[in-house]
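Some notes on the structure that comes next.
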Amino acid sequence: MSFVVLAGTTQVVNAQVAESPVKEVAQQDEKVKITVDELPAAVKKTLEGVDYEGWNIETVLHNKTKDSYELQVKKDADEKTLKFDKEGNSIV
């Protein structure tokens, strides 16, 4: 609280210090390019299923932060990204 004197009158002013907002810092995912041979056996087994038949793997990234795998795949003109955990489960 502070007092301000203006032209002979006294006024009480409630001063509030604005708190700075808390900033959340998101951890940057650490992704590294790996080869298909470096994929866990469980992910390779999943990729052998009929759902992935005919798809060619273009790029494989290992997300070290989340211990997951991101694959860029292509079939004819179609391209998509697939994500798996280390057990070969699809991540949405």
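Would you say GLY54 is small (Gly, Ala, Ser), in contact with a Lys or Arg (Cβ under 8 Å, 6 or more places away or on another chain) and over 18 Å from LYS31 (Cα atoms)?
Yes, satisfied.
Residues that are out of contact with any His (no Cβ under 8 Å at 6 or more places or on another chain) and either surrounded by 10 or more Cβ atoms within 10 Å (Cβ to Cβ) or at pLDDT below 95 (or both): which strands (runs of 3 or more DSSP E) entirely in the chain hold 2 or more of them? Give the steps one after another, and end with the answer.
Details: elements: 2-6, 9-13, 31-34, 56-63, 68-75, 78-85.
Ranges flagged: 2-6, 9-13, 56-63, 68-75, 78-85.
Could you grab me the full set of residues in the range 48-92 that are under 22 Å from the mean Cα position of the chain (by Cα) and basic (Lys, Arg)?
Hits for the range 48-92 are LYS64, LYS66, LYS80, LYS83, LYS86.
The values are calculated or read from the model by the stated rules, or taken from the named source; none is laboratory data. Because the structure is a prediction, the values reported are computed rather than measured. As a convention, Cβ positions derive from the backbone with ideal geometry for all residues, glycine included, and neighbour counts pool all protein chains shown.
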